[in-house]
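Data first, discussion second: the structure below is written as structure tokens.
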Amino acid sequence: MRRVALLVGVLSALPVGGASPTLTAVVSDSRGARLAAVDPATFASVHVSKPIGWYDGWARSPDGKLVAVAVHADAKIDFTSTLRFATAATLALDRRGVPLHGIFRAAVWPTVSRLFAVTGDCCNATLALETVDTVAKRVVSVRALEGTASQFAHAGSALVLLGGDDNAIVPARVTVIDADGSVRSVRLDRILAGWHYDQSSQDPIGTVRQPGLAVDPVGGVAYVVDADGLVAAVRLSDLSVTYHMLALRSLAEAAKGENGPVLTAQWLGGGLLAVTGNEESAARQPDLYASTPYGLRVIDTSEWSVRTIDPQADTVFVAGSLLVASGGTYRYDGSGETTSGEGVAAYGLDGSLRWRFAAGTRVSLLDAYGSRAIVEADVAHAQPQLLDLATGRVVRTLPVGAYLRVLHGTGS
């Protein structure tokens, strides 16, 4: 499976030790992860922290002075995460970590002294909300959350979850964790979400249906986009729901898989949101797995119209005024793999193509921020490459086996 990341905001460059502005990042390799200050032009590390473990996620304090990075103890599967706190300007680590009771999924840090972390079990079938005292460095309460969560989005000082029930495809649930730690939720009767496997059988083939989630933090609205072209607009203040059918036959008009769609959505501002993803299908007889892109589409919520920007895209990042996309097909039929790809393409918000990199090849888009994007060809031992988003040209080749995540926004 290809690595997919989502852009969720903008981070101002931070000075480290009085030096020129840098970006804060997590750099991971076979030895684990470290916090790093990186050059925004080359993404080269200017300063790195001591090892912190294996990366699970992160959050930023409301004043921007601290970051909390969730890690687990070793490279094997672990059932708990620990929050490690660091000063953003210097990357100095606090020696006191905060062990959580589950695996970190997402967090919101609304006040300097309180952080709310959503944690799960090994398979994320059960969720809990853990309240962390960031001054005393301890968990002060743990509360079970109803259902599961497949997607998260930040809405100012609140966290929005989209999910359903364990091992069931049911009406989707939108849950809001507010700045005071209160939890509110609403079911979307007309939109289904979840996954299902026959637990009485050894057959690993199941079904999935994942709508896309995007939040307008200024307007206070969460949008849930279903593969059949239905959008639920949830007003976060009172969780009232309105439904809108897109002026399109269906977002799933090209999808013919048996297992189901997996969508993501991002708020672009100006009443626009971007939707992409793929349709996954699998079967045992014959042995088959396939993934088909949904394409990159932009929805105008003022009139509920849709424009298809790139029919072959399944991944998108928003970087300033650009939509940076990649995609392709994958098929395994028991005798071998067949893939196709379109490289990486950058589009203006109006849908105009600005450039294309490595056309005709399958390339993973790993991250995009500011004027740079990190891409990696889907071949063995490929080296990640740093692209200039203005031209699509390679700035430098990054080390094999290392992965850099820029900590943009307020958390993962």
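The values are calculated or read from the model by the stated rules, or taken from the named source; none is laboratory data. Keep in mind the model is a prediction, meaning the values are calculated, not measured. Backbone-built Cβ (ideal geometry, glycine too); neighbour counts: all protein chains shown.
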Within the stretch 96-119, residues being among the polar types (S, T, N, Q), out of contact with any Gly (no Cβ under 6 Å at 6 or more places or on another chain) and free of Cβ contacts under 8 Å to residues at least 60 places away in the same chain number 1
Any chance Ser49 is farther than 22 Å from Leu398 by Cβ and touching a residue at least 40 places away in the same chain (Cβ under 8 Å) | no
What single numbered condition from (1) touching a residue at least 40 places away in the same chain (Cβ under 8 Å); (2) on the phi < 0 side of the Ramachandran plot; (3) buried (at least 17 other Cβ atoms within 10 Å of the Cβ) fails to hold for Gln385?
-> (1)
Has the stretch 152-175 got any residue that is among the small types (Gly, Ala, Ser), under 17 Å from Leu273 (Cα atoms) and crowded, with 16+ Cβ neighbours inside 10 Å?
-> yes
Glu130 versus (1) more than 16 Å from the chain's Cα centre (by Cα); (2) within 30 Å of Val231 (Cβ to Cβ); (3) buried (at least 21 other Cβ atoms within 10 Å of the Cβ): which is the lone unmet condition?
-> (2)
In the stretch 133-151, the residues that are of a type in the set (Gly, Ala, Ser) and exposed (fewer than 15 other Cβ atoms within 10 Å of the Cβ) | Ala136, Ser141, Ala144
Count - residues of the stretch 81-113 that are on the phi < 0 side of the Ramachandran plot and either part of a loop (DSSP other than H, G, I, E, B) or among the charged types (D, E, K, R) (or both) | 16
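Residue-by-condition table, conditions (1) over 26 Å from Ser371 (Cα atoms); (2) in contact with a Phe, Trp or Tyr (Cβ under 9 Å, 6 or more places away or on another chain):
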site: Thr292; (1), (2): yes, yes
site: Asp310; (1), (2): no, yes
site: Ala313; (1), (2): no, yes
site: Ser321; (1), (2): no, no
site: Gly327; (1), (2): no, yes
Might you check whether a residue that is at pLDDT below 85 and of a type in the set (A, V, I, L, M) occurs anywhere in the stretch 325-334?
-> no
For the subset of the stretch 349-371 comprising residues that are in a strand (DSSP E or B) and modelled with pLDDT under 95, which member is surrounded by the fewest Cβ atoms within 10 Å (Cβ to Cβ)?
-> Ser364
List the number of the failed condition for Ala179; all other conditions in (1) within 17 Å of Val262 (Cβ to Cβ); (2) surrounded by 15 or more Cβ atoms within 10 Å (Cβ to Cβ) hold.
-> (1)
